[in-house]
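K.L.:
Mind having a look at this structure? Questions to follow.
Please treat every number below as a calculation from the coordinates, not as lab data. Keep in mind that what you see is a predicted model, and the values were worked out from it rather than measured. Positions of Cβ are backbone-derived with ideal geometry, glycine not excepted, and every protein chain shown enters the neighbour counts.
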């Protein structure tokens, strides 16, 4: 546990040292704030004290920002060779992977904490459904964790950050959009399967304030699959056969 | 803590990078790992440090196998990889802090240990700078510092002096020698003089096969079983001296050395010694023997002989 935290700390620090974290936070707050308060179906247009529009827009901004955070996690270390130093230290592959995963996840947490003023403001304007907001945030966290896990996996398969970014977006878009599109235009068990695989289905039900163990199980499986894939790639890389 | 490599084999596809290598290094020994490019030095080191797995054989460090318990083994190793990869965006001191923490240096001791290592490696003035801003030589010192921070019992250094200036090379060599008194050190290098100056023992590998293992002088002897002496004989006609030397029973070959007026290189037959005979010959003929020195083969030649054959 201690080892994981040491790796997480270093990784988080490098996010802030490389300005990555600041750019991410400013852009995220800018986008989500703009669409929540000023433009499109914003809060004043809807006329309801709810954060639905914020959760709707975050669904997309996070989808694009997370691969940008995760792309360097392993790809950069593999390119510069620092992965060799890390692996030859007394840590296991799992500790490295979990440490890096947690670092990206904490960065998202920090970003989301900074959107709490939105919540406080809206809560002062009208009567807000507190549990729905809580669930919405929970949904965002689960979704972020799933995409971080996918991003970490694509970062492990290449030395090139851009390839990692594009691969993460490519895999992500299936869960994010394509599964639900295909599902709605076809029928039968296939549509049901794709509907279940679509991340949007699970996210929306959470964002509406409904919590279901099926949704949580879904997110946890994606997270676990991504991390497991990363571990397999890493152990193959350094050929521990 | 001794390192023992047992029948190690590692192949990349069909090519064997390391082929059935076995050797043992004891505590307090500094072993130089020599070989031409692509001989398998780095691969062997990567397997010892648990970065890579192997196909056959095993490496044991203090009796613990790298395959069975890599995490325990890694605790006792300090490793400086050939390319010296470092987190360029981190300040030196933060980086050392990170490595110390991850290497299980107890919290209260970390500050003192960093201070100590920073001064041993000559990084005092640079400790707050970002690693990426340092020159190659200083980066090499940071690499060495991170390998030493947890006071490891086994040190694996892949070309530790590359990129350093001559003064730094001498300093680092002294440092390695000092450390090597109590620890087990394996270092690889292309520079033969360096290996000869720092190492107690030399291991030469070529194309993945171990071709020689011994001290520098024993390697020389092994490669040179015929005695060669250089003699200078004056007060006599060159041609006659040449013929008389060649006629001696123990002599196999005589060469007239170029650039000298009356110097010869005399090679004896295997296992024989012709120094006495040469002296007697000179006394008989009334020539003056002004020089007689044994010719030592250079380590470079031994290395070439061992690695260029076939």
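K.L.:
Give the angle, between 0 and 90 degrees and rounded to the nearest 10, that separates the Cα long axis of helix B:299-308 from the longest principal axis of the Cα atoms of chain B.
P.N.:
80 degrees
K.L.:
Taking every pair of Cα atoms in the range B:223-298, average 1/r, invert it to obtain the Kirkwood radius, and report Rg/Rh to two decimals. Please report the intermediate quantities before stating the final value.
P.N.:
Values: Rg = 11.6 Å, Rh = 12.4 Å.
So for the range B:223-298, dividing Rg by the Kirkwood Rh gives 0.93.
K.L.:
Please give the average number of partner chain Cβ atoms lying within 10 Å of the Cβ of each residue in B:84-90, rounded to a whole number.
P.N.:
Details: counts 2, 9, 4, 9, 2, 4, 4.
For this peptide, the per-residue mean of nearby foreign Cβ atoms is 5.
K.L.:
Starting with the fewest neighbours, write out B:45, B:292, A:135 ranked by other beta-carbon atoms found within 10 Å of each beta-carbon. Please list the in-between numbers first.
P.N.:
Numbers: B:45 23, B:292 15, A:135 19.
Lowest to highest Cβ neighbour count: B:292, A:135, B:45.
K.L.:
I've got another one for you. Please check which bits of the range A:172-200 a label hung off residue A:46 would reach, taking the label as a point 7 Å along Cα-to-C-beta and the cut-off as backbone N under 18 Å.
P.N.:
Flagged as within label range: A:200.
K.L.:
Calculate the tail of P(r) for the range A:15-109: the fraction of all Cα-Cα distances greater than 15 Å, expressed in %.
P.N.:
On the way: 3034 of 4465 pairs.
Tail of the P(r) past 15 Å holds 68 percent of the pairs.
K.L.:
Another question about this same structure. For a footprinting-style exposure proxy, rank A:32, A:213, A:186, A:149 by other Cβ within 10 Å, fewest first.
P.N.:
On the way: A:32 23, A:213 7, A:186 12, A:149 26.
Ascending number of Cβ neighbours within 10 Å: A:213, A:186, A:32, A:149.
K.L.:
Would you mind estimating how fast the range B:17-147 diffuses translationally, via Stokes-Einstein at 20 °C and 1.002 mPa s with the Kirkwood radius over Cα pairs, in µm²/s? Working shown, then result.
P.N.:
On the way: Rh = 16.5 Å.
Approximately 130 µm²/s, per Stokes-Einstein.
K.L.:
Let me ask something else about it. For the residue pair residue A:64 and residue B:115, what label-to-label distance in nm results when each label sits 7 Å from Cα along the Cα-to-beta-carbon direction?
P.N.:
Label-label distance for residue A:64 and residue B:115, simple model: 5.1 nm.
K.L.:
Further question: Find how much the distance from residue B:15 to residue B:174 grows on full extension, using 0.36 nm per residue of separation minus their present alpha carbon separation; answer in nm with one decimal. Intermediate values should be presented prior to the final figure.
P.N.:
On the way: separation 159, 0.36 × 159 = 57.24 nm, distance 3.78 nm.
Taking 0.36 nm per residue and subtracting the Cα distance, the gain is 53.5 nm.
K.L.:
Inside 10 Å of the C-beta atoms of A:75-88, what's the mean count of C-beta atoms belonging to other chains? Intermediate values should be presented prior to the final figure.
P.N.:
On the way: counts 0, 1, 2, 0, 1, 5, 6, 6, 2, 9, 14, 5, 7, 16.
That average works out to 5.
K.L.:
Can you show me the helix-derived [θ] at 222 nm for chain B, built from DSSP H runs with n ≥ 4 at -39,500 (n - 2.57) apiece and divided by the number of residues, rounded to the nearest 500.
P.N.:
Calculated mean residue ellipticity at 222 nm is -11000 deg cm²/dmol.
K.L.:
Ranking B:9, B:215 by Cβ neighbours within 10 Å, fewest first, what do you get? Walk me through the intermediate numbers first.
P.N.:
On the way: B:9 16, B:215 13.
Fewest to most other Cβ atoms nearby, the residues stand as B:215, B:9.
K.L.:
Moving on to the next point. Express the C-alpha Rg of the range B:74-182 as a ratio against the empirical globular expectation 2.2 N^0.38 Å, rounded to two decimals. Don't skip to the answer; put the middle values down first.
P.N.:
Numbers: Rg = 12.8 Å, N = 109, 2.2 N^0.38 = 13.1 Å.
Relative to the 2.2 N^0.38 Å estimate, the range B:74-182 comes out at 0.98.
K.L.:
Give the angle, between 0 and 90 degrees and rounded to the nearest 10, that separates the Cα long axis of helix A:161-173 from the longest principal axis of the Cα atoms of chain A.
P.N.:
40 degrees
K.L.:
Hey, how many Å between the Cα centroid of the range A:1-40 and the Cα centroid of the range A:136-150?
P.N.:
After rounding, the separation between the Cα centres reads 14 Å.
K.L.:
In peptide B:43-52, how many Cβ atoms from other protein chains are near each Cβ within 10 Å, on average?
P.N.:
Numbers: counts 0, 0, 1, 5, 1, 1, 5, 6, 10, 8.
The per-residue average across the peptide is 4.
K.L.:
Additional query: Using the Kirkwood radius built from alpha carbon pairs, what does the Stokes-Einstein equation give as D for the range A:2-237 at 20 °C and 1.002 mPa s, in µm² per second?
P.N.:
Details: Rh = 18.6 Å.
Here the translational diffusion coefficient equals 115 µm²/s.
K.L.:
Rounded to the nearest 0.05, what FRET efficiency do residue B:197 and residue B:135 give with R0 = 25 Å and r taken as the Cβ-Cβ distance? Could you check? Don't skip to the end; give the middle numbers.
P.N.:
Details: r = 24 Å, r/R0 = 0.96.
E between residue B:197 and residue B:135, to the nearest 0.05, is 0.55.
K.L.:
Looking at the calculated P(r) for the range A:19-75, what percent of the C-alpha pair distances fall above 13 Å? Numbers along the way, then the final one.
P.N.:
On the way: 978 of 1596 pairs.
Counting every Cα pair in the range A:19-75, those more than 13 Å apart make up 61 percent.
K.L.:
On a full-extension model of 0.36 nm per residue, what is the gain between residue A:29 and residue A:190, subtracting their alpha-carbon distance, rounded to one decimal in nm? Can you show the working numbers first?
P.N.:
Numbers: separation 161, 0.36 × 161 = 57.96 nm, distance 3.80 nm.
Extending this stretch completely gives an extra 54.2 nm.
K.L.:
If you don't mind, another one. Taking each pair of different alpha-carbon atoms in the protein assembly as shown once, compute 1/r for the pair, average those values, and report the inverse of that mean as the Kirkwood hydrodynamic radius in Å to one decimal.
P.N.:
Working: mean 1/r = 0.0355 Å⁻¹.
Roughly 28.2 Å, rounded to one decimal.
K.L.:
Could I ask something else about it? Please report, in whole Å, how far the alpha carbons of chain B spread along each principal axis, starting with the longest.
P.N.:
80, 45, 31
K.L.:
How far is helix A:213-237 tilted off the main Cα axis of chain A, in degrees rounded to 10, range 0 to 90?
P.N.:
20 degrees
K.L.:
Could you compute the FRET efficiency for residue B:230 and residue B:58, with r as their C-beta to C-beta distance and R0 at 45 Å, rounded to 0.05? Don't jump to the answer; show the numbers that get you there.
P.N.:
Working: r = 48 Å, r/R0 = 1.07.
After rounding, the FRET efficiency stands at 0.40.
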